[in-house]
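K.L.:
Have a look at this one before I ask anything.
None of the figures in this text is laboratory data; all of them are computed from the coordinates on show. Being a predicted model, the structure only gives us computed values, none of them experimental. Here the Cβ is made from the backbone with ideal geometry for all residues, glycine too, and neighbour counts use every protein chain on show.
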Amino acid sequence: MPLQSPPDASLPGLDQLRAIVAALRAPDGCPWDQEQTHASLRAGLLEEAYEVTAAIDAADDANLREELGDLLLQVVFHAQIAEEQGRFAFDAVALGIVQKLVRRHPHVFAGESATDSAEVLVRWEEIKRQERGGAAAESALDGVSPGLPALQYAAKIQKRAAKVGFDWQEAQPVLEKIREELAEVEADMQAGLPMEEELGDLLFAVVNLARKLEVDAEVALSGATQKFGRRFRGVEELARKRGIGMAGSPLEALDQLWDEVKAAEKSGVTAP
């Protein structure tokens, strides 16, 4: 017999979820769940968020529903830990975002008007300033979370700087900056110097170019990585069919297989 009974199935789904998490964290609950902290759950929270975006990209409704549930579990779990410590409760989390949404949408809830999304964003920023007591931010970069994925963080920082005019007007100067940064990478390589800073500068410049071309760098890199993975698996399959051991083959031979897979993919014909 279980020590605890499942929650009442007649309750709304969110209430059942909260009851389950509380039961898992209870003294007679699950040892693993009892040990978790905000910090220990951090990686899982990020992973679940990425899995939600992957389901969106795949247009997979069944998977999206499941992944949203996993993400919701993370929110409920963090709120449960905070409530146990007397810091805040789930209802405070929910009420806080309700109040924020009402406050920041006066064109919906307070009789104001907004003609387009650009006007909505301007008003949103004005309301945020009012929430800070009317004081202007010390920096245009304030409020950008360093916890974002690096490509998104770079793009947001660049957009904030661009809002106050610190930006190239066209993409061509960004290309020149990329060439400059690449030359510095090459120079440091030849000198045997540490590479992290110069490589970071090069990546930052590439993100800047993506932004100028209205390309989401995060999405673009994810797509390129998936394409590499797909073609690499194709190389592995060709190697198996032809009895080629990849680990012992020269790079030139593997490149030939790669070219075959790439050509077949572009033509829509499976490589022999």
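K.L.:
Give the relative contact order (percent, whole number) for the stretch 150-215; include only Cα pairs under 8 Å separated by 6+ residues. Please report the intermediate quantities before stating the final value.
P.N.:
Numbers: 38 pairs, mean separation 28.0, N = 66.
Here the relative contact order equals 42 percent.
K.L.:
Using a ≥ b ≥ c from the Cα gyration tensor of the stretch 72-178 (square roots of the eigenvalues), is it rounded, prolate or oblate, where a/c under 1.5 gives rounded and otherwise the larger of a/b and b/c decides, a/b for prolate? Spell out each step's value before the answer.
P.N.:
Details: a/c = 2.47, a/b = 1.45, b/c = 1.70.
Verdict is oblate for the stretch 72-178.
K.L.:
Still on this structure, please answer the following. In whole Hz, what ³J(HN,Hα) sequence does the stretch 37-42 give by Karplus (6.51, -1.76, 1.60; θ = phi - 60°), x for Gly and Pro?
P.N.:
Taking θ as phi minus 60°, the curve returns 10, 4, 5, 5, 8, 4 Hz for the stretch 37-42.
K.L.:
In debye to the nearest 20, how big a dipole does the stretch 1-67 give about its Cα centre with +1 on each Lys and Arg Cβ and -1 on each Asp and Glu Cβ? Intermediate results must be reported in sequence, preceding the final value.
P.N.:
On the way: 4 positive and 13 negative charges, 66 e Å.
The calculated dipole for the stretch 1-67 is roughly 320 debye.
K.L.:
Next up: Please identify every one of the trypsin sites (Lys or Arg not before Pro) in the stretch 129-202 that sits in a loop by DSSP and has no more than 13 other beta carbons within 10 Å of its own beta carbon.
P.N.:
Numbers: sites: Arg129, Arg132, Lys156, Lys159, Arg160, Lys163, Lys177, Arg179; in loops: Arg132.
Hits after loop and neighbour filter: Arg132.
K.L.:
Put +1 on the Cβ of each Lys and Arg and -1 on the Cβ of each Asp and Glu in the chain; which of Leu182, His38, Phe88 then has its Cα farthest toward the positive end of the dipole?
P.N.:
Phe88
K.L.:
Working from Cα positions, state the angle (0 to 90°, nearest 10) between the long axis of helix 150-163 and the longest principal axis of the chain.
P.N.:
The helix 150-163 is inclined about 80 degrees to the chain.
K.L.:
Could you work out the helix-only [θ] at 222 nm for the chain, with each DSSP H run of four or more residues adding -39,500 (n - 2.57) and the total divided by the number of residues, to the nearest 500 deg cm²/dmol?
P.N.:
Working: 12 runs with 184 residues, N = 272.
-22000 deg cm²/dmol, from helical runs alone.
K.L.:
If a/c stays under 1.5 just call it rounded; otherwise compare a/b with b/c (prolate if a/b is bigger, oblate if not). Do that for the chain, with a ≥ b ≥ c from the square roots of the Cα gyration tensor eigenvalues.
P.N.:
On the way: a/c = 2.09, a/b = 1.27, b/c = 1.65.
Taking the square roots of the gyration eigenvalues as a ≥ b ≥ c, the chain is oblate.
K.L.:
Something else: Taking the Cα centre of the chain as origin, work out the dipole magnitude from +1 charges on Lys and Arg Cβ and -1 charges on Asp and Glu Cβ, in debye rounded to 20. Kindly include the intermediate steps, with their values, before the conclusion.
P.N.:
Working: 29 positive and 47 negative charges, 94 e Å.
In total the dipole reaches around 460 debye.
K.L.:
For the stretch 151-257, which GluC sites (Glu not before Pro) are both in a DSSP coil and crowded by at most 14 other Cβ atoms within 10 Å? Before the final figure, lay out the partial values.
P.N.:
Values: sites: Glu170, Glu176, Glu180, Glu181, Glu184, Glu186, Glu196, Glu197, Glu198, Glu214, Glu218, Glu236, Glu237, Glu252; in loops: Glu170, Glu214.
Answer in residue order: Glu170, Glu214.
K.L.:
GNM, the chain, Cα, under 10 Å: largest mean-square fluctuation among Leu193, Leu251, Leu45?
P.N.:
Answer for the Gaussian network model of the chain: Leu251.
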